[in-house]
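Novice: Okay, here's the structure, questions in a sec.
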Amino acid sequence: MFSRDAWNEIFETIRKNKLRTFLSGFTVALGILIFVTLFGFGNGLINTFNKFFNEDATNVFYFFPGKTTMPYKGYKSNRQIEFDNTDIADIQKDFPMFLEYISPRISRSNLIRYQAESNNYTTHGVAPSHQFAEKTVIMKGRYLNLKDMKEKSKHVVIGRLVEQDLFGSRNSLGKYVDIGGSAFKVIGVFQDEGGDREERFVYMPYTTRQLIEKNTDKINMIVIGFKPEIGYAGAMAFESNLKKFLKGKKFIHPDDESGFFIRNVADQLEKNQQFTGVLKLIVAFVAIGTIIAGIIGISNIMVFVVKERTKELGIRKALGATPGNVISTILLESVFITTISGFVGMLIGILLLRSLDDRLEDFFITNPYIDTGTAVIATLMLVLFGSIAGYVPASKAARIKPIVALRDE
Amino acid sequence: MIEIKDLHKSYTMGSNVLHVLKGINFKAEDGELVAIMGSSGSGKSTLLNILGMLDEADSGEYTLDGVPIRDLTETKAAKYRNKFLGFVFQSFNLINYKNALENVALPLYYQRMPRKERHDKAMKYLEQVGLKEWAHHLPSELSGGQKQRVAIARAMAAEPKLLLADEPTGALDSTTSYEVMDLIQKINDAGNTILVVTHEEDIAHMCKRIIHLRDGVIVKDEKVEQVRASAYV
């Protein structure tokens, strides 16, 4: 069955029946090409989605202070809750197994000037770990460090667009800018995937901010990063424990949900992942549909091929071809053509995706790709089901009496 | 060489049963050239198809070269056809995308003969039918007579015990018919057993024995004085 002679016979048949070869090869190649392209576009769509919605770290809680709405333990309602440095220290002490990092954030709007240029920017007083929460990327210089915190140094890290606004094409590193009357040294410039707004932020040590504000220990907001390995359920447990702890510490009624607010990115993450999952499902559905269409296409061609060759097969049988010979003649030819053209289609598809790269970003398709494993498995599936589909008419043709086949005109 | 006893065959066409062969008995010895004659519907092609294992009888015995032919599976029938039989058809039945040489070599391929040997042998038989120069032409480039000579070469290439020809001259004009019959006579002269189905008197008389078939039975079985086809060519 797999002798060199059998292959010679098949190659000869393929060479001399170009239309038939072309038709079945084209169907398979096109099927795989469409599959690969669609699958790649689907992945591109998911990429775009992830880029839009998952630019910040997803293992983060934000705690904002609010006002109580219930009296509790002698405190009246409508009391303004404030966070301070001891909260940070307490959380660090009490939740070491959940906590990855914690940072205060004190946000103010300030007029910032360098020489003749000035503008209003949002400044955040933060700790070094804040860099992870916002996924801040340092372009040059460095981020704030623990030494800055301890020495309450007047250092700032400015956004890419702040530098562009105030310094134009000049280098800002080591220069001093005026923030609300004090001179701060620029020690770093950052970029942020979060967009223009976030690239107009200015970060300074929260201790410096507190020093400027009459050495207060109050903070606006607490940013908490939890260990990703605790998972979604762990994050939920952590959140409720934190709530209980802070309510106790701040004397807030256990049922009062307005004393402070939590923005839980993990919740967001869950929703995003669900959406991504739905996208993946749609892509898989379309992809499987394409493959099934391809299989139906190749089955039709196999029926046509066998029909067209009925007389030839009758002659071969009259000359001594066994049913096994007949089936292997048809099947080996079909497997050979589908394999070759399947992989050609796959290769073209992959090259197409690669050449597109980011050119379709305007259509929400970023970096379309297909992993080679998926492409190869899809191709092999088409070949396999193509030959199963070919086997049915082939075995039928093998059973047909030579005399009937010979009469077929 | 061939012995058949009480051969029956009927076809079912819807609700009608058509009894085509109603008990055929005959024997043919080695080296005979037998014509089977009869008008259309007499059952002559059916008989030939059964002899050629292209079709199966309902009942009766058939022995070919001492081998009883019965309980044929497709695979067994294919092996017997390949080993014992050569076919020549009215409509030539050459494979149209293969050239003359490849067509002749095809039965040898199913005998698993190596490629080189196969081609040498096919070429030898093409030379015998006088078509060596046409070896690399496709059937569509050959005349009717040439096609039938290729078919005869193909039938002979496997060196069969028995050559079966079904209306070999049916699609040819009389001059070409005589050329083909001349070839068949020469093959017979070399000692091969040949059965020819025909409804043409002159073709039948170029054989050595004529079996007349009518309505599924043998009505007459006679030895005749062979007319040499070469006299007309």
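The values are calculated or read from the model by the stated rules, or taken from the named source; none is laboratory data. These numbers come from a predicted model, not from an experiment. With ideal geometry, Cβ positions are generated from the backbone for all residues, glycine too; neighbour counts draw on all protein chains shown. Note: accessible area is taken over every heavy atom of the protein model, side chains too, but ligands, DNA and RNA are not part of it. Shrake-Rupley method; radii C 1.70, N 1.55, O 1.52, S 1.80 Å.
Novice: Please list, in order along region B:208-220, the HN-Hα scalar couplings obtained from phi with the Karplus expression 6.51 cos²θ - 1.76 cosθ + 1.60 (θ = phi - 60°), rounded to whole Hz, x for Gly and Pro.
Specialist: Calculated HN-Hα couplings, in order: 9, 8, 10, 10, 9, 10, 9, 6, x, 10, 7, 9, 7 Hz.
Novice: Using bins 5 angstrom wide from zero, how does P(r) for region B:2-231 break down, in % of all Cα pairs?
Specialist: 1, 7, 14, 18, 19, 17, 12, 8, 3, 1, 0
Novice: Suppose every Lys and Arg Cβ carries +1 and every Asp and Glu Cβ carries -1, with no other charges. What dipole size does region A:60-265 come out with about its Cα centre, to the nearest 20 debye?
Specialist: 540 debye
Novice: Also, I was wondering about something else. So for chain A, taking the charge dipole from beta-carbon charges (+1 Lys/Arg, -1 Asp/Glu), which of A:A133, A:I34, A:I81 sits furthest toward the positive end?
Specialist: With unit charges placed on the Cβ atoms, the residue in question is A:I34.
Novice: Another question, if that's okay. Compute from the Cα atoms of the protein assembly as shown the Rg and the Dmax, the latter being the longest Cα-Cα distance, and quote both in angstrom.
Specialist: Looking at the protein assembly as shown, its Cα Rg and Dmax stand at 45.3, 139 Å.
Novice: Would you look at the GNM of chain A, springs on alpha carbons closer than 10 Å, and say which of A:E270, A:E229, A:E361 moves the most?
Specialist: A:E229
Novice: From other protein chains only, count the Cβ atoms within 10 Å of every residue's Cβ in A:305-318, then give the mean.
Specialist: Partner Cβ neighbours, averaged per residue: 4.
Novice: Also, quick follow-up: Which listed residue (A:L161, A:N171, A:F184) has the Cα farthest towards the positive end of the charge dipole for region A:141-197, taking +1 on Lys and Arg C-beta and -1 on Asp and Glu C-beta about the Cα centre?
Specialist: Going by the Cα projections, it comes out as A:F184.
Novice: Give me a single rounded figure for B:89-99: the average over its residues of other chain Cβ atoms within 10 Å of their Cβ.
Specialist: Across B:89-99, the average partner-chain Cβ count within 10 Å equals 4.
Novice: Follow-up question, since we're still on this one. Which of the lysines could a cross-linker bridge to A:K175, judged by Cα under 21 Å and excluding same-chain residues fewer than eight apart?
Specialist: A:K140, A:K147, A:K152, A:K154, A:K185
Novice: How crowded by other chains is B:3-12, given as the mean number of beta carbons from other chains within 10 Å of each beta carbon?
Specialist: Going residue by residue through B:3-12 and averaging, the value is 0.
Novice: Hey, another quick one. Tabulate in residue order the Karplus-calculated ³J(HN,Hα) for region B:16-23, using 6.51 cos²θ - 1.76 cosθ + 1.60 with θ = phi - 60°, rounded to whole Hz; enter x for Gly and Pro.
Specialist: Result, ordered by residue: 8, 10, 9, 8, 8, 10, 10, x Hz.
Novice: How high is the relative contact order of chain A, in percent, counting Cα pairs under 8 Å that sit 6 or more residues apart?
Specialist: 28 percent
Novice: Same structure, new question: Restricting to DSSP H runs of at least four residues, report the calculated mean residue ellipticity at 222 nm for chain B, -39500 (n - 2.57) per run over all residues, nearest 500 deg cm²/dmol.
Specialist: So the helix-based figure for chain B works out to -10000 deg cm²/dmol.
Novice: Could you work out how far helix A:372-399 tilts from the main Cα principal axis of chain A, as a 0 to 90 degree angle to the nearest 10?
Specialist: 20 degrees
Novice: Collect residues whose amide H, placed 1.01 Å from N in the peptide plane, falls under 5 Å from the amide H of B:I69; neighbours closer than 5 in sequence don't count.
Specialist: Excluding prolines and chain starts, which carry no amide H, the hits are B:Y62, B:T63, B:L64.
Novice: Cα convex hull of region A:60-265: how many Å³ per residue?
Specialist: Normalising the Cα hull of region A:60-265 by residue number yields 128 Å³.
Novice: Tell me which DSSP H helices of chain B clear both cut-offs, 18 Å or more of axial length from alpha-carbon atoms and a mean Kyte-Doolittle hydropathy of at least -1.0.
Specialist: B:144-157, B:174-189
Novice: Can you work out the accessible area per residue across region A:60-265, with the rest of the protein chains kept in place, probe 1.4 Å, in square angstrom?
Specialist: 48 Å²
Novice: Lysines near A:K307 by alpha-carbon distance under 26 Å, same-chain residues fewer than 8 away left out - which ones?
Specialist: In chain and number order, the partners are A:K16, A:K18, A:K317, A:K396, A:K401, B:K76, B:K79, B:K98, B:K147.
Novice: In degrees between 0 and 90, to the nearest 10, how far off the longest principal axis of chain A does helix A:265-308 point, with axes built from Cα atoms?
Specialist: With rounding to tens, the tilt is 10 degrees.
Novice: For a quick check: with amide H placed at 1.01 Å from N, whose amide H comes under 5 Å from A:D84's, ignoring anything fewer than 5 positions away on the same chain?
Specialist: The list, which skips near neighbours in sequence, is A:I219.
Novice: Another question, if that's okay. What percent does the relative contact order of region A:60-265 come to when contacts are Cα pairs within less than 8 Å and at least six residues apart?
Specialist: Worked out over region A:60-265, it gives 35 percent.
Novice: Give me the accessible area per residue for region B:2-231, probe 1.4 Å, as a whole number in Å².
Specialist: For region B:2-231, the solvent-accessible area averages 43 Å² per residue.
Novice: Still on this structure, please answer the following. Give me the dipole magnitude in Debye, nearest 20, for the protein assembly as shown about the Cα centre, with unit charges on the beta carbon: positive for Lys and Arg, negative for Asp and Glu.
Specialist: 1940 debye
Novice: In addition: Explain nothing, just the number: relative contact order of region B:2-231, from Cα pairs under 8 Å at least 6 residues apart, as a whole percent.
Specialist: 28 percent
Novice: Might you report the magnitude of the Cβ-based charge dipole of region B:34-193 about its Cα centre, with Lys and Arg at +1 and Asp and Glu at -1, to the nearest 20 debye?
Specialist: 620 debye
Novice: Can you pull a Stokes-Einstein diffusion coefficient for region A:31-108 at 4 °C (1.567 mPa s), Rh from Kirkwood over Cα pairs, as a whole number of µm²/s?
Specialist: 74 µm²/s
Novice: Would you calculate, for chain A, the mean residue ellipticity at 222 nm contributed by helices, counting each DSSP H stretch of 4 or more residues as -39,500 (n - 2.57) and dividing by all residues, to the nearest 500?
Specialist: One gets -18500 deg cm²/dmol as the mean residue ellipticity at 222 nm.
Novice: Among A:330-338, B:19-27, how do they line up by average Cβ neighbours within 10 Å per residue, starting with the highest?
Specialist: So the order, starting with the most tightly packed, is A:330-338, B:19-27.
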